Amino acid sequence: MTPSDSNSAEIGLIGLGTMGASLALNIAEKGFPIAVFNRTTSKTDEFYANAGDLAERVVPTETLEQFVAAIKAPRAIILMVPAGDAVDQQIAALRPLLDKDDLIIDAGNANFHDTNKRAADAKEAGVPFIGIGVSGGEEGARHGPSIMGGGPKPAWDRVAHILEAISAKYEDTPCATWMGEGGAGHFVKAVHNGIEYADMQMIAEVYGIMRDGFGMDAAKVGEVFDTWNAGTLKSYLIEISAAVAKANDAKSGGPLLDIILDKAGQKGTGRWTVIEAQHLGAPITAIDAAVAARNLSSRLEERKAGEAIFGAAPKSLSTEALSTESLEMALIAGKIVCYAQGFQLLRTASENFDWSLPLPDVARVWREGCIIRSTMLNDMADALTENADQNLMFAPYFSQKLVETEGSLRRVVAAGALHGLPLPALSNALSYFDMMRTGRSTANMIQGQRDFFGAHSFERLDSEGSHHGPWKQG
Ligand code: 6PG
């Protein structure tokens, strides 16, 4: 196709970075002619030149005017530009060229507050806008991502056939679902990313036990992950962890993992999840710990200074004291707790923001395409379909699994504590589990303290109303 093929594209896409380019090819491959535009024209040319057979369904354009003219009205335009100001600038540049019923779709990793604001502005202006969370990295965008939509339902419905066609499929069911109004889709994506951080961190923690505790080499760790990937833990993240552990480095000739610097980066979505959870009073302790662990990992010099003062911890641990099977069980328990926290956050947000988030559908949409895809998510979808209001830890299937695995989680966390092997996400998951199975907590002491210094009052177990202690009498 050429720019002269005006009005021929079913949809348009702006932003041909890695994700945008992959998504555009995916859309073309599924049979939808697509107009593309990038601020730097050379990128558009390069994209078009490399589109192969799919080029016949691509309309490359050099100006926004050409781009808009190339799309059939009423138009649908996907933005795949960096989250933040770039999105607002792109919308501002585009809107004057559009008709009132032309739909803008922000497919970047937007902060849901920004999406809420953009949705409200669009509503006021009487123009359609939706925000979609897209997960699955480059590969997912190219061959089938998981898509979490938010905004006016009629606007979603206009493009649902395209989004469903390009999405991943779980046994023929498309992993593309409308989650609710405004920023609901981007919120669900943020929680996905928070869970992604915790899932990755817990895997890294058990890797630490195998490497520093058991003294296993990377290839052996990879083999252990491969075994786990045949069981309850079967997931994309375990699969890639095995591949990462087994990879060899051409330069050094040794395991690649051993020479990767131990400083983890982040783009911020995990942090957003934690901040929002605090605002909502929805504890996500494993996710919180995972975000903090990334921050701590970045403090490499400080960590080295700490090691110089305190010495490295006495890490060594025998496989007789702790088996790799206990690690697997501990990871299962930690994973259940972490997802239970994530779904509790979604539940709380849904109530607070009046979204009616379809929690079973959230689990369903995460079963394929996205980074946290796993077989366990199918069991979560079943449990949430049975009872969407219940903490996942209490669902019969998962409570049974926790009964079977919590002992291992406890042994692993205890061994980590005794041997100086840091397990922030797993130990926070264990504390959450223990707090959630404690009918009589220690918050009576907190209430007593609050009343003592601030006359905040407390409730009593044996009578109604609010009470004060005797402390002010003397
Ligand atoms: C996905 C990922 C992806 C993620 C980036 C950056 O679902 O495809 O979650 O969107 O945001 O890979 O993640 P970091 O915050 O780790 O940089």
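The values are calculated or read from the model by the stated rules, or taken from the named source; none is laboratory data. Predicted, not measured: the structure shown is a model, and the values here were computed from it. A quick note on method: Cβ atoms are made from the backbone with ideal geometry, for glycine too, and the neighbour counts reach across all protein chains shown. For accessibility, only protein heavy atoms count, side chains too; no ligands or nucleic acids. Shrake-Rupley method; radii C 1.70, N 1.55, O 1.52, S 1.80 Å.
By how many nm would the segment from N387 to F310 lengthen if fully extended, with 0.36 nm per residue of separation less the alpha-carbon distance?
22.8 nm is the gain from fully extending N387 to F310.
Taking loop as defined by DSSP and a crowding limit of 15 other beta carbons within 10 Å, which GluC sites (Glu not before Pro) in segment 338-404 fit?
Those that pass, being in a loop and sparsely packed, number zero.
Treat each spin label as a single point 7 Å out from the Cα along the C-beta direction, and report the L256 to A443 distance in nm.
Label at L256, label at A443, 4.7 nm between them.
Quick check: pseudo-label points 7 Å beyond the Cα along Cα→Cβ at A247 and L97, how many nm apart are they?
3.8 nm
Lysines near K30 by alpha-carbon distance under 18 Å, same-chain residues fewer than 8 away left out - which ones?
Those lysines meeting the cut-off are K72, K169.
Report the calculated FRET efficiency for E171 and R460 (r = Cβ-Cβ distance, R0 = 45 Å), to the nearest 0.05.
Efficiency computed from Cβ-Cβ geometry: 0.25.
Which of the aspartates and glutamates could a cross-linker span from K123 if the Cα-Cα distance has to be under 12 Å and same-chain partners fewer than 8 positions apart are dropped?
Answer for K123, where 12 Å is the Cα cut-off: D101, E181, listed by chain and number.
How do R364, R118 stack up against each other in accessible area, from largest to smallest, with a 1.4 angstrom probe?
Ranked from most to least accessible, the order is R364, R118.
Along Cα→Cβ, 7 Å out, is where each label goes; now give me the distance between the ones at T63 and H279 in nm to one decimal.
The two pseudo-label positions are separated by 4.1 nm.
In segment 264-361, which chymotrypsin sites (Phe, Trp or Tyr not before Pro) are in a loop and have at most 16 other Cβ atoms within 10 Å, using DSSP for the loop call?
Filter output for segment 264-361: empty list.
Would you calculate, for the chain, the mean residue ellipticity at 222 nm contributed by helices, counting each DSSP H stretch of 4 or more residues as -39,500 (n - 2.57) and dividing by all residues, to the nearest 500?
The per-residue figure over the chain is -17000 deg cm²/dmol.
Could you pull out the pairs from K263/K315; K220/K304; K100/K189 whose alpha carbons sit more than 24 Å apart here?
K220/K304; K100/K189
Got a number for carbon plus sulfur as a percent of the chain's accessible area, 1.4 Å probe?
Of all accessible area on the chain, carbon and sulfur atoms account for 52 percent.
Given the whole protein assembly as supplied and a 1.4 Å probe, what does the accessible area of M19 come to in Å², nearest 10?
Accessible area, nearest 10 Å²: 60 Å².
Can you give the accessible area of I104 in Å² (nearest 10), computed on protein heavy atoms with a 1.4 Å probe?
0 Å²
Taking only protein heavy atoms into account and a 1.4 Å probe, give the accessible area per residue of the chain in Å².
Averaged over the residues of the chain, the accessible area is 46 Å².
Please work out, to two decimal places, the log10 of the ratio I(q)/I(0) at q = 0.12 Å⁻¹ from a Debye calculation in which every Cα of segment 11-182 carries one identical scatterer.
Rounded to two decimals, the profile gives -0.47.
Under a 1.4 angstrom probe, counting protein chains only, how are E29, E325 ranked by accessible area, largest first?
These residues rank, largest area first, as E325, E29.
Rolling a 1.4 angstrom probe over the protein chains, ignoring ligands and nucleic acids, what is the accessible area of C175 in square angstrom, nearest 10?
0 Å²
For the chain, treating each Cα as an identical point scatterer without solvent, what Debye log10 I(q)/I(0) comes out at q = 0.10 1/Å?
-0.83
Keeping every protein chain in place, order Y207, Y197, Y397, Y48 by accessible area at 1.4 Å, biggest value first, i.e. largest first.
Output order, biggest surface exposure first: Y397, Y48, Y207, Y197.
Could you tell me what percent of the DSSP beta bridges with both partners in segment 1-150 are antiparallel, to the nearest 5?
Among the beta bridges of segment 1-150, antiparallel pairing accounts for roughly 20 percent.
Pull out the extension gain between A125 and Q400, defined as 0.36 nm times the separation in residues minus the alpha carbon to alpha carbon distance; nm, one decimal.
Here the segment from A125 to Q400 would lengthen by 93.8 nm.
Estimate the FRET efficiency between M435 and H113 by the formula 1/(1 + (r/R0)^6), using the beta-carbon distance for r and 30 Å for R0, to the nearest 0.05.
0.55
Would you mind checking the radius of gyration and Dmax of segment 238-334 based on alpha-carbon positions, in Å?
17.2, 49
Under the definition of Cα pairs under 8 Å and six or more residues apart, what whole-number percent is the relative contact order of segment 130-184?
It comes to 39 percent, rounded to a whole number.
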